[in-house]
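Single-structure report; data block below.
The values are calculated or read from the model by the stated rules, or taken from the named source; none is laboratory data. Given the structure is predicted, the values throughout are model-derived calculations rather than measurements. Cβ: placed from backbone, ideal geometry, glycine included. Neighbour counts: every protein chain shown. Keep in mind that these areas ignore ligands, DNA and RNA; they rest on the heavy atoms of the full protein, side chains included. Shrake-Rupley method; radii C 1.70, N 1.55, O 1.52, S 1.80 Å.
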Amino acid sequence: MTDTQRDIWETYVKSWKVTSGGEKKALFAEAIAEDCVYTDPLVVASGWDELATYMKQFHEQVPGGHFVTQHFHAHHGECIARWKMMSGDGEELGDGISHGRFGDDGKLTAMTGFFETP
């Protein structure tokens with residue numbers, strides 16, 4: 001694992017917390033390929049616009065919701081992270097695991113979340 005991959009991952013995680021479109025786009029530009037693919041049990045989102053829309057829906061359901069990485073491991077352009085989902089007031093709402101793939105430029109090209117659905 002490199003610190004750079006961890007930093008990229010944490011920038012991506014931060015993009016889930018921010019609600020400003022401009023700030024979210026700036027974080028995406030730092031950490032995520034424009035043609036990224038995000039998947040979880042509820043959605044497949046291709047590209048920045050679809051991912052931003054999904055994040056907006058998340059915030060409509062969980063105002064102030066965000067994620068905290070508990071463990072992160074990476075090698076050969078792949079990573080896995082264990083995380084907790086938190087409410088805006090800091091209450092733990094759930095947990096899960098995500099897998100990420102990094103492109104040649106170091107940015108995330110694919111992010112896949114695994115968690116129990118309600």
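Looking across the range 23-82 at every residue that is outside any helix (DSSP H, G or I) and charged (D, E, K, R), the one that is least open to solvent (accessible area, probe 1.4 Å) is identified as Asp40. Can you confirm whether the range 94-105 contains a residue that is hydrophobic (A, V, I, L, M, F, W, C), surrounded by 14 or more Cβ atoms within 10 Å (Cβ to Cβ) and not in a strand (DSSP E or B)? No, the range 94-105 contains no residue that is hydrophobic (A, V, I, L, M, F, W, C), surrounded by 14 or more Cβ atoms within 10 Å (Cβ to Cβ) and not in a strand (DSSP E or B).
Scanning the range 106-118 for residues that are of a type in the set (S, T, N, Q) and part of a strand (DSSP E or B) turns up Thr109, Thr112.
Restricting attention to the range 55-63, does a residue exist that is free of Cβ contacts under 8 Å to residues at least 40 places away in the same chain and under 22 Å from Gly106 (Cα atoms)? No. The set of residues from the range 66-92 being without any contact (Cβ under 8 Å) to a residue 60 or more places away in the chain, over 15 Å from Asp40 (Cβ atoms) and of a type in the set (A, V, I, L, M) comprises Val68, Met86.
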